[in-house]
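Inspection log for the structure reproduced underneath, given as structure tokens.
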Amino acid sequence: DAGVIQSPRHEVTEMGQEVTLRCKLISGHNSLFWYRQTMMRGLELLIYFNNNVPIDDSGMPEDRFSAKMPNASFSTLKIQPSEPRDSAVYFCASSLAGPISTEQFFGPGTRLTVL
Amino acid sequence: AQSVTQLDSHVSVSEGTPVLLRCNYSSSYSPSLFWYVQHPNKGLQLLLKYTSAATLVKGINGFEAEFKKSETSFHLTKPSAHMSDAAEYFCVVSLPSNFGNEKLTFGTGTRLTIIP
């Protein structure tokens, strides 16, 4: 298995532009987590899905952020409009939820720079 | 509520000497605890996991951690450091959800430097 796949790996954009980050889950997994990592705040959970349904989005910073799972294996995190303070590394992770929980497998991350 | 405190932001050890990375936790429930490692410009990898079975947990690459409820600690150790251990280490506590997976709360991380 290729593991969790994220694209792009690096994104540089200007303030006000729309940014879309993409994540492909590990085959067979049914839970998807989006995290943001910054020097100031460390690793924060933004949102997570179970079987394509958003379960907890309390970590989403504001309405400029939105996340979707159009199908069982793919997710997008969109920022519109982007701001310099959104600069961070964004990770997605997948796991197989069930009676016995398993570890979360992390993707390599997308480094976002908003100028 | 749950949280973890990593007591050292940066630890330096010489190659071949023991490693100790400290973590204290706070949780209203019987916690699951994890250590993840992040190498530069990489994602996070699970080192080991405690889920109320044996209190001494062995992980990958020779790391282990001991759960001590009386001290609310979950320190990570390795007998002999290797250059490849240089990375950022995160102590993590989980709150089980109703859906069988776990919502993770990360510590602030400890950067481990290995001196040749």
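The values are calculated or read from the model by the stated rules, or taken from the named source; none is laboratory data. All of these numbers come straight from a predicted model, not from anything done at the bench. In this analysis, Cβ positions are derived from the backbone assuming ideal geometry, glycine residues included, and neighbour counts consider all displayed protein chains. All accessible areas refer to the heavy atoms of the entire protein, side chains included, with ligands and DNA or RNA removed. Shrake-Rupley method; radii C 1.70, N 1.55, O 1.52, S 1.80 Å.
Within the stretch A:58-73, track down each residue that is within 20 Å of A:Val89 (Cβ to Cβ) and either touching a residue at least 12 places away in the same chain (Cβ under 8 Å) or touching a strand residue (DSSP E or B) at 6+ places or on another chain (Cβ under 8 Å) (or both).
A:Gly59, A:Met60, A:Pro61, A:Arg64, A:Phe65, A:Ser66, A:Ala67
Name the residue that is nearest to the other protein chains (Cβ to nearest Cβ), counting only residues in the stretch A:90-102 that are in contact (Cβ under 8 Å) with a residue 60 or more places away in the chain and open to solvent by less than 70 Å² (accessible area, probe 1.4 Å).
A:Ala97
Quick check on the stretch A:47-72: of everything there that is of a type in the set (Ser, Thr, Tyr) and surrounded by fewer than 18 Cβ atoms within 10 Å (Cβ to Cβ), which residue is nearest to the chain's Cα centre (by Cα)?
A:Ser66
Which ranges mark the strands (runs of 3 or more DSSP E) fully within the stretch A:27-115 that have 3 or more residues being of a type outside the set (A, V, I, L, M, F, W, C)?
Output list reads A:31-38, A:42-50, A:65-71, A:74-79, A:88-95, A:110-114.
May I ask you to verify whether B:Gly107 is more than 11 Å from the chain's Cα centre (by Cα) and within 25 Å of A:Gly107 (Cβ to Cβ)?
no
Inspect the stretch A:80-89 for any residue being at the interface with another protein chain (Cβ under 10 Å from one of its Cβ atoms) and not hydroxyl-bearing (Ser, Thr, Tyr) and give the result as yes or no.
Checked against the condition, which is being at the interface with another protein chain (Cβ under 10 Å from one of its Cβ atoms) and not hydroxyl-bearing (Ser, Thr, Tyr), the stretch A:80-89 yields at least one hit.
Rundown of residues vs (1) touching a helix residue (DSSP H, G or I) at 6+ places or on another chain (Cβ under 7 Å); (2) closer than 14 Å to A:Arg36 by Cβ; (3) of a type outside the set (Asp, Glu), yes/no style:
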site: A:Phe49; (1), (2), (3): no, no, yes
site: A:Asn52; (1), (2), (3): no, no, yes
site: A:Asp57; (1), (2), (3): no, yes, no
site: A:Ala72; (1), (2), (3): no, no, yes
site: A:Ile79; (1), (2), (3): yes, yes, yes
site: A:Glu83; (1), (2), (3): no, yes, no
site: A:Phe91; (1), (2), (3): no, yes, yes
site: A:Phe105; (1), (2), (3): no, no, yes
site: A:Arg111; (1), (2), (3): no, yes, yes
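Given the residues B:Ser9, B:Ser27, which is the only one that is open to solvent by 20 Å² or more (accessible area, probe 1.4 Å), over 27 Å from A:Gly109 (Cα atoms) and of a type in the set (Ser, Thr, Tyr)?
Testing whether each residue is open to solvent by 20 Å² or more (accessible area, probe 1.4 Å), over 27 Å from A:Gly109 (Cα atoms) and of a type in the set (Ser, Thr, Tyr) leaves just B:Ser27.
Per-residue answers, yes or no, for (1) farther than 30 Å from A:Pro8 by Cβ; (2) touching a residue at least 40 places away in the same chain (Cβ under 8 Å); (3) not polar (S, T, N, Q):
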position	(1), (2), (3)
B:Trp35	no, yes, yes
B:Pro40	no, yes, yes
B:Leu46	no, no, yes
B:Ala54	yes, no, yes
B:Thr105	no, yes, no
B:Pro116	yes, yes, yes
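Suppose we filter the stretch B:43-59 for residues that are small (Gly, Ala, Ser) and farther than 23 Å from A:Gly42 by Cβ; how many remain?
Total satisfying the criteria: 3.
Out of the residues in the stretch A:1-46 that are touching a helix residue (DSSP H, G or I) at 6+ places or on another chain (Cβ under 9 Å) and away from chain B (no Cβ under 12 Å), state the one that is least open to solvent (accessible area, probe 1.4 Å).
A:Val19
For chain B, which fully contained strands (runs of 3 or more DSSP E) count at least 1 residues that are under 28 Å from A:Ile55 (Cβ atoms) and more than 14 Å from chain A (Cβ to nearest Cβ)?
B:23-27, B:64-68, B:73-78
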